[in-house]
Amino acid sequence: MCGGGDDVFSSIAAKLIQPGEHFDTTLNSTIISAGNYYFHLSVQFGSDSSQANQSFTATQTVAVTPPNNSGAAGGAS
């Protein structure tokens, strides 16, 4: 669970949004290892609140660099 002492990333922010105002944001975090993670969002408006939860699995990608054959001498004598 989020807040269980093993959180990888945690952030708290506040923004006052006027009625009818559109607010969109992007939250970024770098995850250092593959595995299962949990995302929790809580929005408060006066005494009202709304929450969203999402779990996801992060996978590791490895960049493959092609071999450099530009200086290779070819053929046998």
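The values are calculated or read from the model by the stated rules, or taken from the named source; none is laboratory data. Bear in mind that the values here come from a model prediction, so they are computed numbers and not experimental data. With ideal geometry, Cβ positions are generated from the backbone for all residues, glycine too; neighbour counts draw on all protein chains shown.
Miscellaneous remarks
- Residues considered: ASN68, ASN53. Of these, the only one that is loosely packed, with under 10 Cβ neighbours inside 10 Å and modelled with pLDDT of 70 or more is ASN68.
- Some residue of the stretch 9-16 being surrounded by fewer than 10 Cβ atoms within 10 Å (Cβ to Cβ), of a type in the set (S, T, N, Q) and modelled with pLDDT under 75: yes
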